[in-house]
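The values are calculated or read from the model by the stated rules, or taken from the named source; none is laboratory data. In this text the structure is predicted, and so the values were computed from the model without any measurement. Positions of Cβ are backbone-derived with ideal geometry, glycine not excepted, and every protein chain shown enters the neighbour counts.
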Amino acid sequence: MSFRTTTAVDYVEDVSPGSGALPPRAWYASSDAASLSLNGAWSLRVSATADAEDDAFAEPGFDFGEWAEVQVPGHWVLQGDGAFGSPIYTNHLYPFPVDPPHVPTENPTGDHLRVFDLPADWPDLGDGGVVLRFDGVESCARVWLNGTDIGEFKGSRLPHEFAVGHLLKPSGNVLAVRVHQWSAGSYLEDQDQWWLSGIFRDVTLLHRPAGSVLDHFVHASYDHVAGEGTLRVDSDVDGRVSVPALDIDVATGETVTVPVRPWTAESPVLYDGELVTEGERVPLRIGFRTVVLEDGLIKVNGTPLLFKGVNRHEWHPEKGRALDLETMRADVLLMKRHNLNAVRTSHYPPHPAFLDLCDEYGLWVIDECDLETHGFVEQAWRDNPVDDDRWTPALLDRAARMVERDKNHPSVVIWSLGNEAGTGRGLTAMAEWIHDRDGSRLVHYEGDIDCRDTDMYSRMYAFHAEVERIGEELDGGTHKRRGLPLILCEYGHAMGNGPGGIADYQRLFEAHERLQGGFIWEWIDHGIKHEELGFAYGGDFGEELHDGNFVCDGLVFPDRQPSPGLVEFKKVIEPVGIEGDGSDGTVRITNKQDFADLSAFAFEWSYQVDGETVESGSLSVPPLAAGESADVKLPGAPDGRGAETGWTVRALLAEDTLWAPKGHEVAWGQVAVAARLLPSLAASDAPVVGERLITLGPATFDARTGELRTIGGVHVNGLRLDVWRAPTDNDDGAEWQTDTRYGLLWRKFGLHRMRHRLDAVEVGEDSLTVRTRVAPAAWEVSLSTVYRWTSDGDRLRLTVSVGPEGDWTVPLPRLGVRFGIDASADRVRWFGGGPGEGYPDTKSASRIARWDATVDELQTPYVRPQENGARADVRWTEIGGLRIDGDPEFSFTARRWTTEQLAAATHLPDLTPGDTVWVNLDHGQHGIGSQSCGPGPLPQYYLRAEPAEFSFVFSEVS
Ligand code: IPT
C-alpha cells in the first residue's frame, strides 16, 4: 500500500497564485495616512527543505535568540558570506527537474521574523484598517502575524497586500514570513538571471483610515490637435480631484478637458494634483498623453515614436535585485545622459519607484509582466504552463498585479505579457484581460509571432537584412502582422566587447517608418562582487548547471561604469544629427527627436589643426522642429599650413536639466577639411652589417634573424606579424547562432599558434629585408610576410607586406605587428580616434583628436577578459620613448600582459602586469558584431585574408 501525505507546505506546489491577499490596486504613497516601513534587520533561519521546520516559529514567544540576522530588503544567499547557500545562474534551463508543478525536496527555505511596535503616533487601532504590503518576495511566501496565518503567495516581482488591522497590537507584534526558493511559481519565472530568493523589496504597514482610497485609475489623455488634455480619475471611494496649476477641481469619475502641455519622454510635463476622499489624500502626478496604434504605427500624441531603448534588469553587484532609490536614480540618470529614451523592464515589473523616476525624468516604458517559461523549449514546449488552463488563474493574477499597480504612470505606454514563454491560451487570456482593463495602452509579446494577441510586431536579435525587409514591408506574415510596426524588443547583445553593428540598425530604423526602434540587450552586467574574482558570474559558486558569463551582457559594468558599448549607443542615437563633408563649409544639422524643437541645445564649433583645437565659438542654429534639417554655415577656416584640419560641432544642453547640467554634450559631429599628409621618409641610409648586429639609421637588428633590437635607446622585443586577438564573447558566438562562429574556427585553424619561419635576411643598398612565412601547424594556409626596413638616418620605416597563400576560409582576427617595450612605458599619447576603444563596427563614438592615457587606462575591464581597448584611426602615437606614424592610419592596443595571457584569463584579477608593455599596431581588426546572441559582423566589417601592405615610421622621442 502506498500513500502520499499532505503536508503544511502543499501550497508550494500549488499552481494557484495564493490565498488571503487583497485584490491588486494602484501603488502610491499616501500624503496623510500613516505608514511604517518594516525594512531593516530581521531574524533568519535557513533550512534545506520546505518542511524541515514546523510553523511554531510564527507563534509569539518563540525563542529565536540563536537565529542569524538578515537585511530586508535582501536575498539571504548574498548575505552571511555563503553560510546561507549561494546564488545559481542559468539562462533558460531550470536548475531542477522539469515536472510541473513539482519542485525538488531540496528547497532552501528562509524563515524570517521581525518583532515590531507601532509608533506612538500610530492611529487608534479601532480607526479604519491596516494593510501589510510586500513589494517583492522570491519565489513563494507564507505569512503569519501574531501567530495567525494570513495567507501565502507567489509572483516574485509583484506586490501582495494583506488586511491585518484586526491582528495588530500596539507593541510586540510578531511578523513571520516563510520564504521558499522553489515553488510552482518558479516555473513561471525562468528569466535569464541569478536565482535569488528572499524578501528583496520593501515590507510596509499601511494605515487605511475609514473612507480612504481603495483603488484609483488616472485617465489623462492628450488631444494633439486641440492642445487639450482630458482628465478623469476613477476611484472606488468617491472624492474630489484637484490640479491647482490647471484650475481643476472635480468629482472623481467626472471628466474635464483643459489646455495642457503634454507628457512625452522628451518633455515629461507632470501636473501635481490630489485625490481627496473622506479618509485620505493621495498625491497625483499627472502626465497627459495618448497612445494609439494608427496607420500601422505606435503613436503618442499623434506622433510616431522611435524607441532608443534598453532592457533593464534590476541589478546591484552586492545587493542583487534589492535596489535602493539612489541606485534606481543612477540608472535613470545614466540612461538620460546617454540619450536613451526608452526602457523595457525585462522581464518583470521593476520596483515601483523606478517608474516614478521614468515619469519624472522622461523615459518611455514597456512594463513587462513577471512571466517566463523558457526552459520548456528543451521539451518542444510540451506541458508549457501558458498553454495549460490550470495555470491561467496564476497568469491572470500576474497580469492584474502588474496593470493595477502601475496603471497610473504616464511613462508606461506598453504592457508586455512576459518574455520567452512560447505560445498558449493563457497568454491570450492575459492579453484579453489587459486590453479590456486598460484600452489606453498597447500590448506587446515577442513570442506571438503572428501578432494574434498583440498590437505590434516584435522580434529579438533579427539580422539587419531581415529588419530591412520588414522595413520595406516585404516580410509577409499574417494579414494582421503586415499592418503592424516592428520593434526589436532585444537587439545588440552587449556581452563583453560590443555590441557591433548598432549604427547599421539605427540607419535602418531611421530609413523606414515601420521600424520603430528597439531595445539593446541589456542594461547592466549581473556580476556579483567577489573578493578573489572581482566580479563573479555563472559557475563561480560551483553550480551544477550554469551559463557562465552570459549573465554579463550589459552596457554598464556591474559597478555601473559605462562600457564602451554605452558610449557607442549614445552616439548612435543622438538627438541631433551633425554631418558634413567639408566641401562647402557647412554642416547639416538634423533634429532627430520625435517632439521637441532644438531650443534646449546650444551649439559650439571648434577648428582642429592636426587634432589640436586652435579656435572655437558658438554656432547659431535655427530652432528646427522635430524631423527638420538645415545646412548651417561654419565660420571661415584658419590656414592649416599643410596639416590635417577639420571642424568639430557639438550640441550641448543650453540650460541645467533635471538629469544633467548645462553644457552636457548630447551630440557631436566632425567635418574634415584638409586631409592628412602621409608620413614620408627618404630612404637614404645604408644598413651596416656588424658581427652580431646590423645597424640601420637609429636602429639595430639581429644580424642572423633580422629581428629588430633597438631604436635609439629603446629596446624592442619580438616585433613580428600578429593576427591573433583574445576572442571576444561575440567572436565565440552562441551555440544556436546561424552565422559562422569565427572565434571557434580561428582556434581550429591555429591563428593563436602561428609559427614564423625565417626564409631570408637581405641587406640591400638602402634597406634591410626580412622574408618569412607565417603559418599554423597542421594546415597549409600561410601568410607570406616581408618586413622591409629603411631609414633617413633619424627615423626608421617598416613596411610590412602580407600575402595570404592557400585556401583561407576564415577572416583574420587582426592584422598588424606586435612588440614588447620596457614596462616603464606608461603614458600614451595619440592623434586619432578616442578617447575610448573603437573597432570597425563599434567606432561611431571614436572622435578624431589628440588624446592621452596611461597604459592601465587603455584597458576596458570586461568582466570576462577578452580583446579590448583598441584605439581606431590612429595617425600617430607616442609610447615608451617611441613615436610611431602610420601609413595609412592604424589601430593600436598596449597592455601589461600578452594576448595569450588575456585569452587565458577568466576574471580580471587573473591579469597581472609583467615586465613588458606589449604593443599591437594593427592595419586592421575584424568587426565585433553581436553574435553572442545575434548576427556576426556585417560583411563590410570583415577583415579578409587578402594581400596587404602597411607601414610605420618609428622615431625616438624624449
Ligand atoms: C533572450 C532573452 O529574452 C533574454 O532574457 C536574454 O536571455 C537574452 O536572450 C540573451 O542574453 S532569448 C534569446 C536566446 C533568443
Going by what's in this entry, would Leu206 be described as part of a strand (DSSP E or B), within 28 Å of Pro170 (Cα to Cα) and of a type outside the set (Ser, Thr, Tyr)? yes
Given Val9, Val46, Val15, which one is more than 30 Å from His207 (Cα to Cα) and touching a Gly at 6+ places or on another chain (Cβ under 7 Å)? Val46
Within the set of pairs 6+ apart or on separate chains, which have a first residue in region 813-826 that is part of a strand (DSSP E or B), a second that is modelled with pLDDT under 95, and C-beta atoms under 8 Å apart? Arg818/Gly718; Phe819/Gly718; Gly820/Gly718
Report yes if some residue within region 565-583 is more than 20 Å from the chain's Cα centre (by Cα), crowded, with 22+ Cβ neighbours inside 10 Å, over 20 Å from Ala849 (Cα atoms) and free of Cβ contacts under 8 Å to residues at least 40 places away in the same chain; otherwise report no. no
Output the number of residues of region 907-927 satisfying the condition of being over 19 Å from Glu857 (Cβ atoms) and either within 16 Å of the ligand (Cβ to nearest atom) or without any contact (Cβ under 8 Å) to a residue 60 or more places away in the chain (or both). 1
Meets criteria (surrounded by fewer than 18 Cβ atoms within 10 Å (Cβ to Cβ), touching a Pro at 6+ places or on another chain (Cβ under 7 Å) and β-branched (Val, Ile, Thr)) for Val666: no
Just one listed residue, out of Asp359, Asp324, is without any contact (Cβ under 8 Å) to a residue 12 or more places away in the chain and not assigned by TED's automatic domain parsing to the domain that holds Asp272, and it is Asp324
Condition check: out of contact with any Phe, Trp or Tyr (no Cβ under 7 Å at 6 or more places or on another chain), among the small types (Gly, Ala, Ser) and not assigned by TED's automatic domain parsing to the domain that holds Arg382. Does Gly151 satisfy that? no
Those residues of region 226-256 which are within 37 Å of the chain's Cα centre (by Cα) and more than 25 Å from Pro24 (Cβ to Cβ), in sequence order: Gly227, Glu228, Gly229, Thr230
Is one or more of the residues making up region 698-708 away from the ligand (no atom under 16 Å from the Cβ), assigned to a loop (DSSP other than H, G, I, E, B), of a type in the set (Lys, Arg) and within 30 Å of Trp605 (Cβ to Cβ)? no
When (1) within 16 Å of the ligand (Cβ to nearest atom); (2) surrounded by fewer than 24 Cβ atoms within 10 Å (Cβ to Cβ); (3) touching a residue at least 40 places away in the same chain (Cβ under 8 Å) are applied to Ser416, the one that fails is (2)
Selected residue (only one of Gly471, Gly501, Gly422, Gly477 is farther than 28 Å from Val218 by Cα, touching a residue at least 12 places away in the same chain (Cβ under 8 Å) and within 15 Å of the ligand (Cβ to nearest atom)): Gly422
Flag for Gln506 being more than 16 Å from the ligand (Cβ to nearest atom) and part of a strand (DSSP E or B): no
For region 5-53, the count of residues that are assigned to a loop (DSSP other than H, G, I, E, B) and in contact with a His (Cβ under 7 Å, 6 or more places away or on another chain) equals 5
Suppose we filter region 545-572 for residues that are more than 14 Å from the ligand (Cβ to nearest atom) and of a type in the set (Gly, Ala, Ser); how many remain? 1
For region 425-462, which residues satisfy the criterion of being surrounded by 18 or more Cβ atoms within 10 Å (Cβ to Cβ) and farther than 21 Å from Asp367 by Cβ? Tyr461, Ala462
Just checking, which of Asp99, Asp124 is charged (D, E, K, R) and within 26 Å of Phe376 (Cα to Cα)? Asp99
Restricting region 264-294 to residues that are under 24 Å from the mean Cα position of the chain (by Cα) and crowded, with 22+ Cβ neighbours inside 10 Å, which is nearest to the ligand (Cβ to nearest atom)? Ala265
Every residue in region 831-846 that is in a strand (DSSP E or B) and within 16 Å of Pro564 (Cβ to Cβ), please. Gly832, Gly833, Gly834
Looking only at region 295-349, how many residues end up being surrounded by 24 or more Cβ atoms within 10 Å (Cβ to Cβ), assigned to a helix (DSSP H, G or I) and either hydroxyl-bearing (Ser, Thr, Tyr) or within 16 Å of the ligand (Cβ to nearest atom) (or both)? 0
Picking from His715, His752, His664, His756, the residue that is closer than 30 Å to Ala600 by Cβ and at pLDDT 95 or above would be His664
If you check every pair at least six apart or on different chains, which have Cβ atoms under 8 Å apart with a residue in region 660-675 that is on the phi > 0 side of the Ramachandran plot first and a residue that is surrounded by 15 or more Cβ atoms within 10 Å (Cβ to Cβ) and not in a loop (DSSP other than H, G, I, E, B) second? Gly663/Leu652; Gly663/Leu653
Say whether the condition of being within 16 Å of the ligand (Cβ to nearest atom), touching a helix residue (DSSP H, G or I) at 6+ places or on another chain (Cβ under 6 Å) and hydrophobic (A, V, I, L, M, F, W, C) is met by at least one residue in region 72-93. yes
Residues in region 709-743 that are in a loop (DSSP other than H, G, I, E, B) and crowded, with 17+ Cβ neighbours inside 10 Å: how many? 12
In this structure, is Ala34 outside the structural domain of Leu323 (by TED's automatic domain parsing), touching a Pro at 6+ places or on another chain (Cβ under 9 Å) and among the small types (Gly, Ala, Ser)? yes
Do we have Ala626 as more than 28 Å from Val874 (Cα to Cα) and of a type outside the set (Val, Ile, Thr) here? yes
Looking at Trp194, Trp144, can you tell me which residue is within 16 Å of the ligand (Cβ to nearest atom), of a type outside the set (S, T, N, Q), assigned to a strand (DSSP E or B) and outside the structural domain of Asp553 (by TED's automatic domain parsing)? Trp194
For region 441-456, give me the residue count where each residue is closer than 25 Å to Gly302 by Cα, away from the ligand (no atom under 16 Å from the Cβ) and not β-branched (Val, Ile, Thr). 7
